[in-house]
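Following: one structure in structure tokens, then a few remarks.
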Amino acid sequence: MNDKLVFLGLLYFVQGIPYGLQSSLLPVYLRGAGHSLTRIGFTKILYFPWVLKVLWAPLVDRVGTKRRWLVGTVSGLALTCLISAAIAPEAHIWGVAGTLLAMNTLASVQDIAVDGAAVGLLKGRGELGLGNTAQVVGYKAGSVFAGGGLLAVIDVAGWSWMFMLLTFVYAGVALFVWGAPVLDEETVRGQQADGSRKGGQGADAVRPWRVWRKLLAVPGTPWTVLYVLTYKLGEQGAVTMFPLFLLDHHMTARELGFWNGVIAMGFSICGSSLGGLLLAQFSIGSLMRRVFVLRTISMVFQSSLLTVLEPSPLMKGMAVLSMSVQHFLGGLITTLTFTTMMHCTQRAEESIQATHYSFLATLEVLGKLTFSALAGGVVDWFGFQVAFLFFLTLSAGTALHVWTATFTGALREHQLKDQPK
């Protein structure tokens, strides 16, 4: 089991590096180099491959083995970083954009392959919980490493040396994956599956709509689709907008960067880690019921702080407590959610498992990104207090959706206990 966690954690770590580069390091670096905020804002378009990954997921499912896809994509990331090291971002902004687009594309394909490998490697409720903890924590750690750690040393080391370091990191991980024994069984299964793919599954390659019908026919998929689209809506609005409220009334940008960017992220990682440990001891249904209720209560507390406009040490302390609790519960819920998605995917045929999981993961990203883009408009139109009442209503609705499912729907505990130990 430890070998599996190290393997998955390392792959998710390097998968989080492009996100950290683009979300934290690149805007600061480009702004310091004199680029306009409009031009920097256009870099968000480079996330687009993550939305499209479900389109090429069937290819990853049906061609080659997960080991080959992982080695190929991670090696491609190493090559892309080597090219980036030769580019001067001040003079070649479009070259930088091109390399980041390539990194996002390769990382999205890597995500399909590693998710497919995880679905096959993790068995039983305990392994699913710990494996998804490795996924969430590894990805966040990679993002913090690239967006925080490298940002702290880039002024000393420079752009080129930073990407040379990433080149060696990716090359080392590619070599590790090439020789990783945890994928030996997967390689044998892939060879055995080649013969079946030449038979009846060949028709699916010609008629891809058959694959989509199979995806939606997997038990629990309709409920899971609705869940992943909506479970973060209220929380995402609060996480995005509450720091801006504090910036307007109570905190400086530097204070907010420390408390929301460092301390709160630490609590998020702790929550994600605890989720895996709790899943090894308790059923996911009972955990999700309680955690979603706690999240709704924490949003009630945070919404009440919006009535306090006068700055004070007490208000700052309450705000920090609110953000820390919210990120802790958010991290815990993320681990529970990805475990639920993987459990649903394990009910699918092995030939479509990577596609099925990528389908759910794409919807999860779409739900969060869409609402993040709309949350600011809701606040501008109706104000913080009315907007947070709307966020709270969404959060309570999701809690009710989960509560109902644990008794009568896709999260019935006896279904999850049927997983092999």
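The values are calculated or read from the model by the stated rules, or taken from the named source; none is laboratory data. All values derive from a computational prediction rather than experimental measurement. Don't worry about glycine lacking a Cβ; one is built from the backbone with ideal geometry, like all the others, and counts go over all protein chains shown. To get the accessible areas, we keep the full protein, side chains included, count just its heavy atoms, and leave off ligands, DNA and RNA. Shrake-Rupley method; radii C 1.70, N 1.55, O 1.52, S 1.80 Å.
Quick notes on this one:
- The phi torsions of the range 291-302, fed into the Karplus equation with coefficients 6.51, -1.76 and 1.60 and a -60° offset, translate into couplings of 5, 5, 5, 4, 5, 5, 5, 5, 6, 4, 4, 5 Hz, rounded to whole numbers, with Gly and Pro shown as x.
- Residues S286 and N2, FRET efficiency given R0 of 30 Å [Cβ-Cβ distance, rounded to 0.05]: 0.65
- Per-residue HN-Hα couplings for the range 239-252 [Karplus 6.51, -1.76, 1.60; θ = phi - 60°; Hz; x = Gly/Pro]: 4, 6, 9, 4, x, 6, 4, 5, 5, 6, 10, 10, 10, 7
- Accessible-area order (highest first, 1.4 angstrom probe) of the listed residues H249, H356: H249, H356
- Extending 7 Å from Cα along the Cβ direction at W178 and again at W56 yields two label points whose distance is 2.2 nm.
- Length released on extending from K123 to L314, taking residue separation times 0.36 nm less the Cα-Cα span: 64.0 nm
- The alpha carbons of the range 215-408 stretch over 57, 37, 29 Å along the principal axes, in descending order.
- Heavy-atom accessible surface of T230, to the nearest 10 Å², is about 40 Å², with a 1.4 Å probe and all protein chains retained.
- Rounded to the nearest Hz, the phi-derived 3J(HN,Hα) couplings of the range 347-357 under the Karplus curve 6.51 cos²θ - 1.76 cosθ + 1.60 (θ = phi - 60°) are 7, 7, 4, 4, 5, 10, 5, 4, 5, 4, 5, where x marks glycine and proline.
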